[in-house]
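Q: The structure under discussion is supplied below as structure tokens; questions concerning it will follow.
The values are calculated or read from the model by the stated rules, or taken from the named source; none is laboratory data. Keep in mind that what you see is a predicted model, and the values were worked out from it rather than measured. Neighbour counts are summed over all protein chains in view; Cβ atoms, including those assigned to glycine, are modelled from backbone coordinates with ideal geometry.
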Amino acid sequence: MSSDREICKIESKGGITLDARIYRPSGGGGSEHPGDELVAVLVHPYSVLGGFQGLMKGIARGLADRGLTAVTFDMRGVGKSTGRASITGFVEVDDVVSVCSWASQNLSARRIVLVGSSAGAPIAGSAIDKIDEVIGYVSLGYPFGLTASILFGRHHKAVLQSPKPKLFVMGTNDGFTSVKQLENKLKNAVGRNQTHLIEGVSHFQMEGPDYDEQMANLIVQFISSL
């Protein structure tokens, strides 16, 4: 089982301080890739609607149990992180970049996989090519739908045009994005783009703790394919 989480503070752009947690495998981790530590950075759902790093805790623990170091953090304006949350998530991209840079320097993370949940998916997607260490990206319920795109549409281009490998996980009953909308978006996407559909599951169901183990398994399978 994974060890207890570590609490740390990470500085982001504009004098923002982010509250973060590190979940390490028992025994120190990194045994699969000695000298080449791989870290998963998890980006929580929409701050404005109550998203916070605690929603990613189950997945982070699941990854640590499977031998990976995982980092969760509260984006600006959430929990004990300073600053103010934005409506479109654009300033929060700086938070993702800052956490990845911190992981690279402090956790010897030579390889990083970005994992974004719900609105955290477009925010993480906008950071994917801003960090050299990022080798892959996992989206859990990317809000590609028309209504959600009013808020997050400007993020789409960055992730769809990135050549880095990507995995899009979604429930077939997702209320923000239909399966057809997902397929249409990925039709012209650059690079390797995998999808994993969970039959009969809604957007918020998939975010719930009942699916944490499945999400951790899918992330590990994706990483092993890189």
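Q: With respect to residue 167, is the statement that it is out of contact with any Gly (no Cβ under 8 Å at 6 or more places or on another chain) and surrounded by 19 or more Cβ atoms within 10 Å (Cβ to Cβ) true?
A: Criteria not met by residue 167.
Q: Which residues, counting only those in the stretch 139-173, are at pLDDT 95 or above and small (Gly, Ala, Ser)?
A: 139, 141, 158, 162, 171
Q: Just to confirm my filter: which strands (runs of 3 or more DSSP E) fall fully inside the stretch 41-141 and include at least 3 residues that are closer than 24 Å to residue 15 by Cα?
A: Because the criterion is at least 3 residues that are closer than 24 Å to residue 15 by Cα, the strands (runs of 3 or more DSSP E) in the stretch 41-141 that meet it are 69-73, 109-117.
Q: Quickly run through the stretch 54-84 and pick out the residues that are in contact with a His (Cβ under 6 Å, 6 or more places away or on another chain) and crowded, with 24+ Cβ neighbours inside 10 Å.
A: 56
Q: Related question: Within the stretch 139-181, which residues are without any contact (Cβ under 8 Å) to a residue 24 or more places away in the chain, closer than 12 Å to residue 197 by Cα and of a type outside the set (A, V, I, L, M)?
A: Residue satisfying the conditions is 180 alone.
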